[in-house]
Structures are given as structure tokens and as C-alpha cells.
1. Against the definition (in a helix (DSSP H, G or I), modelled with pLDDT under 95 and out of contact with any strand residue (DSSP E or B) (no Cβ under 8 Å at 6 or more places or on another chain)), how does residue 314 come out, yes or no?
2. Quick check, is residue 354 buried (at least 17 other Cβ atoms within 10 Å of the Cβ) and not in a loop (DSSP other than H, G, I, E, B)?
3. Of the conditions (1) within 25 Å of residue 424 (Cβ to Cβ); (2) buried (at least 19 other Cβ atoms within 10 Å of the Cβ), residue 293 satisfies every one except a single condition; which number is it?
4. Go through the stretch 217-268 residue by residue and tally those that are closer than 22 Å to residue 186 by Cα and either in contact with a helix residue (DSSP H, G or I) (Cβ under 7 Å, 6 or more places away or on another chain) or not in a helix (DSSP H, G or I) (or both).
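The values are calculated or read from the model by the stated rules, or taken from the named source; none is laboratory data. A quick note: this is a predicted structure, and the numbers were derived from the prediction, not measured. As a convention, Cβ positions derive from the backbone with ideal geometry for all residues, glycine included, and neighbour counts pool all protein chains shown.
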């Protein structure tokens, strides 16, 4: 998608054409070169020839003088109805990359959800990639930044008929939908750090393109009310996040379903194991569709579970949280008051999971294979299964031990090395086509590490 593309044929009225999926560090603010350019573009879009314009002018001469408006007025009225951004998604794309919406003008949505790295935080050297650095250059959150890809498929937060909470955005579902989620980070003191909505709206109004586009897309009175303007901003960002850039469904797995790719024997074994109701428990939480061969699978049922993830003590030392601090998970959602939900987190989707580590809500595991071994500890009696392969130490105590979903976790057989490898291979097939080079980079780095 080219940002701010015209509906007409390649009208050279913008300063530069943008590449697909620009990074936040290279994103320029779009500007049109002037009112004449807008007018020319409009004439082309309408298919109006010079002769037609002259004919219209001659016809205008026959209209009584009192009904005519000066050409400059007509041109201004025409331009006022044209947005520098053709739709909400294009406007949202600009906002998504705009660092001016943070206190020190250093952070945008894309800082923690970078498109070129599968919408994860690319700053892996900070807190081992587990937590994201804030706009102030020192603040750290306490949860791993959730993936923005495929987020549009999460249903609005609600309760099922049996009272089970499901859907929403963030690990605890406290944002009802994408738009509400987009409004959170700008006002979070450890993220973008803006003091209030009014300050954010004032920043938006510094940009003439935003001023005109908001009026064109959300109504002339949008700037008269702070809440309305702020809601328009979040609506536009959500519109961008609903585009196919975030959810192309073009992985090897998707191509396999369409008959365009043949799984390797190892990948196929992993696929069979993943969807099996006899040998693993993966699909208890990570299958949305009824059929294991249905297209559009997001690999999450959007429900909440406590799987006994241990504290990430190592990075807690970096964000100044006490080592014994307890993250309440779903219980932090204002809609939840039942302590039985303490320590539960929304089941994440598995699209691009192989290239979006570290893993779990607190980023405690660096490697995808470690995640599978962690699940396996609930079903294996082997002493080796009770050790974290990354630390060579016991896995560690669960942050909230009293609500662990043991029934679901202990459903399935212990996995041997062959089956663990097969599951990893299958999960790699869930990587979007544009991110497959990241897998190659991982394998190259792993090979170099073994040689050391």
C-alpha cells in the first residue's frame, strides 16, 4: 500500500512515493505541493477536459451575476472538501507512524509494533526484548508488547452465555476494541507519555494535513470537542490496522490449504499433532474454527487462561518492579471483579509466532522451542522436562499459582524430541510470506551460535 495514493492515475502531486510498510524511523509526513495541484488532481479524477472547463465557463456566463462566486472562492470551497488522505485507513497509517503524538516526539505506534519486524518491538536489546522502552527513554512496561498483526479479528470484549470472558485488546482485554486500544498508549506514562487528550489533540492540530483530513473524514465540528477529535484519531488508527497489511493470510500454511504448497514430512507431522485431540492440547486454546482445514484460522479462541508462566525476575530488575510484584492479569480489567480470573491472560494468536519472540505475557522465554517444552512439563515425568533449557534451572514458580488451568494443560501425552521439533516446524509455517526471510536470519544466527 502506498501511503496517500490518489484515486486517479499517478498524479505527481506529492513530494515522494512511499515504499510498502515503511519503518517508523524513515516515515516522512506527506504534503501536497499546493492548491493548484489539488485542483489539477480533482480535474483528472473527474475526467474533465480543458474543453469541458471552457464550456462550463461559457455556461456560467449566462447565469445571473448575483448567483456567481469568484473563481478563488469556488477553488477554495473545492479544496476544502478534499482530504490530503483519501480515507480513514490512509490517515490512520500516517498517525500510526507519527512520533509527534508522544511527549518528547520520539515514539509512535510503530515503535513497539514495527511492520518490518512482524509488528513486534524491534528493540530487542532493551530488557531482552520482553518489555518496551517508553518515550522518556527510561520507562519500561511490565508486559510484552502484544502483536498488532491479525488483531482486528479479536471480537469486542464480552461475556459468553456461561459467563466466560472473551475478546478485547491488550493481554487483559481492558480495551473493548481496536479503536479503544489505540487510545491507550498515547496517555500511558510509561509508553508515549502524553498528559491528557487535549495535549494529543493540540499536537494533531499542528499538522495542517491532519486538520483538513479530520474535518473531511469526521465532520467540520470534529475539532470543537476534544473527546470527539481524540476518538477520531483512534478510529483512523484502527481503520489502518484493519487493512490487509496486518492480515494477508499468505503463509505456507495458508498456501497449503489452497493447494499451493506441500508440507514437508516434519511440518505435516507438526500440523497433525497440533490439531489432534489425542496427542496434544494445543487446539484447546489455539483453534478458533471448527474444522482444522478451515481458511482464516487465527489460532486463538480469544479466551483467558492462566498457564502458570513463571515470573520474569531478570527483567523485573530493569523496570524497578519488586521481584515479588504480582501481575493480576485479567483481574486488572475494570469489567472483571471475580478473583477466580486473577493471573489469566488472553490466548495470543500464533500467526508469525516464530518471528515474534520473546514469548508469554512477560517475555520470559526467548525461544519458541522453550515454549513448547514449558507446556510439555505438565505431561512429562522426565527430570529433564522440569528444567528450563534456557537457564538449565527449574522453570520457576507461577506468578499466580491458584488459578492455573491444570485440566487443560494436563490434557495430552508427553512429547518426545521428534514431536517437539515437528510442532516447531509447523508453527514456522504460520509466518506471513513477507516475514519468511526473518526465519532464514534466525536459522543463520542459530548456526553461527552452535559453532562458537
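1. Working: in a helix (DSSP H, G or I): yes; modelled with pLDDT under 95: yes; out of contact with any strand residue (DSSP E or B) (no Cβ under 8 Å at 6 or more places or on another chain): yes.
The answer is yes for residue 314.
2. On the way: buried (at least 17 other Cβ atoms within 10 Å of the Cβ): yes; not in a loop (DSSP other than H, G, I, E, B): yes.
The answer is yes for residue 354.
3. Just one mismatch for residue 293, condition (2).
4. So the first thing to find is which residues in the stretch 217-268 are closer than 22 Å to residue 186 by Cα, and the list is 217-218, 222-243, 246.
From what's left, either in contact with a helix residue (DSSP H, G or I) (Cβ under 7 Å, 6 or more places away or on another chain) or not in a helix (DSSP H, G or I) (or both): 217-218, 222-223, 225-230, 232-243, 246.
Residues meeting the conditions: 23.
This table checks each residue for (1) part of a loop (DSSP other than H, G, I, E, B); (2) within 28 Å of residue 327 (Cβ to Cβ); (3) under 26 Å from the mean Cα position of the chain (by Cα).
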position	(1), (2), (3)
372	no, yes, yes
380	yes, yes, no
411	yes, yes, no
424	no, yes, yes
435	no, no, yes
438	no, no, yes
442	no, no, yes
446	no, no, no
449	no, no, no
